[in-house]
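Right, one structure below, let's go through it.
The values are calculated or read from the model by the stated rules, or taken from the named source; none is laboratory data. Given the structure is predicted, the values throughout are model-derived calculations rather than measurements. All Cβ positions, glycine included, derive from the backbone under ideal geometry; neighbour counts span all protein chains shown. Side chains are part of the model used for accessible areas, which takes the heavy atoms of the whole protein and leaves out ligands, DNA and RNA. Shrake-Rupley method; radii C 1.70, N 1.55, O 1.52, S 1.80 Å.
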Amino acid sequence: MQLIDLSHPLEHGQQTFPSDPKLSIIPHGNTKTLRYNITQISIGSHQGTHLDAMYHFLDDGKTLDQMPLDWFYGKAHVLRIPKKANEEITVADFLPYEKLLQPGAKIIFETGWHKHFGKDYFFADFPSLTQEAARYLAEKKIRLLGMDMPTPGKDWYELHHILLPAEIVVVESLANLNSVPDDITFMGFPLNFKGRDGSPIRAVALVE
């Protein structure tokens, strides 16, 4: 059994989605000033590797504390869908994996974009899920959709309004997907922010 980290490290000043709060990680005290080390952190709820609650785009959608814990844990299938900058991810890309797209399934797809994390263009030139592909996945009634891009696609507003009403947990900016097999146990629990829209997670793959 092996545990593989699927999360990008969080660092002071790290890039964010353009309209999101900036990440600040500042030492507040140390063993000389307070006799212990403690850090002041200011972070957006969708920083780095994170997940979206339904409430992120839907005022009447589930908040983090209303989502069952088993939505964040369980057997998952990793689909290999290699894409270059600005390429589309279409229904055709998912058809070879159709038998895996069962109700309740946890699906993660790797485009290779995670390798560009930290680059100036990471939040600008990512591959994009089409709205048609999002509707296709929503119709399959999968439970979780993970990806190595920072958001499902350029049409992020429309895409979230397709996926989240179907109560699909959207997990964004996953790392190291090239280091895991096609079948894993996924663990990605959010902090229990009451009434809120999303949370950074420590995503981990358990590999038998």
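With every protein chain present, what is the per residue accessible area of the chain (1.4 Å probe, Å²)?
So the chain comes to 51 Å² accessible per residue, rounded to a whole number.
Taking the Cα centre of the chain as origin and charging only Cβ (+1 Lys, Arg; -1 Asp, Glu), how large is the dipole, in debye to the nearest 20?
620
Testing the spin-label approximation: label points 7 Å from Cα along Cα→Cβ at I26 and T63. State their distance in nm.
Result: 2.8 nm between the two label points.
How many percent of the accessible area of the chain is carbon or sulfur, using a 1.4 Å probe?
Here it works out to 52 percent.
Quick one: length gained pulling Q131 to S19 fully straight, 0.36 nm per residue minus the C-alpha distance?
38.1 nm
By the gyration tensor of its Cα atoms, with a ≥ b ≥ c the square roots of the eigenvalues, what is the shape of segment 60-133: rounded for a/c under 1.5, prolate for a/b over b/c, or oblate?
In terms of gyration-tensor shape, oblate.
Starting from one equal scatterer on each C-alpha and no solvent at all, send me the Debye-based log10 I(q)/I(0) for the chain at q = 0.16, 0.17, 0.19 Å⁻¹, two decimals.
Each listed q corresponds, in turn, to -1.05, -1.18, -1.48.
Starting from a Cα-only point model with no solvent, please compute log10 I(q)/I(0) by Debye for segment 102-173 at q = 0.13, 0.14, 0.16, 0.19 1/Å.
For segment 102-173, the Cα-only Debye profile gives -0.34, -0.40, -0.51, -0.71.
Which listed residue (S24, V204, M67) has the Cα farthest towards the positive end of the charge dipole for the chain, taking +1 on Lys and Arg C-beta and -1 on Asp and Glu C-beta about the Cα centre?
Farthest towards the positive pole: S24.
At what distance in nm do the modelled label points of Y121 and K75 sit from each other, each positioned 7 Å from its Cα along Cα→Cβ?
In this crude label model, Y121 to K75 measures out at 4.0 nm.
In whole angstrom, how far apart do the alpha carbon centroids of segment 177-208 and segment 129-170 sit?
Between the Cα centre of segment 177-208 and that of segment 129-170, the gap is 17 Å.
Anything over 25 Å Cα to Cα? Flag those among K22/K106; K140/K194; K62/K83; K22/K154; K22/K194; K22/K75, in the order listed.
K22/K106; K140/K194; K62/K83; K22/K75
Consider just the alpha-carbon atoms of segment 1-99 and return their Rg together with their Dmax, both in angstrom.
19.0, 60
Would you kindly calculate the mean projected area, averaged across all directions, of the convex hull enclosing the Cα atoms of segment 16-68, in square nanometres?
Value for segment 16-68: 5.4 nm².
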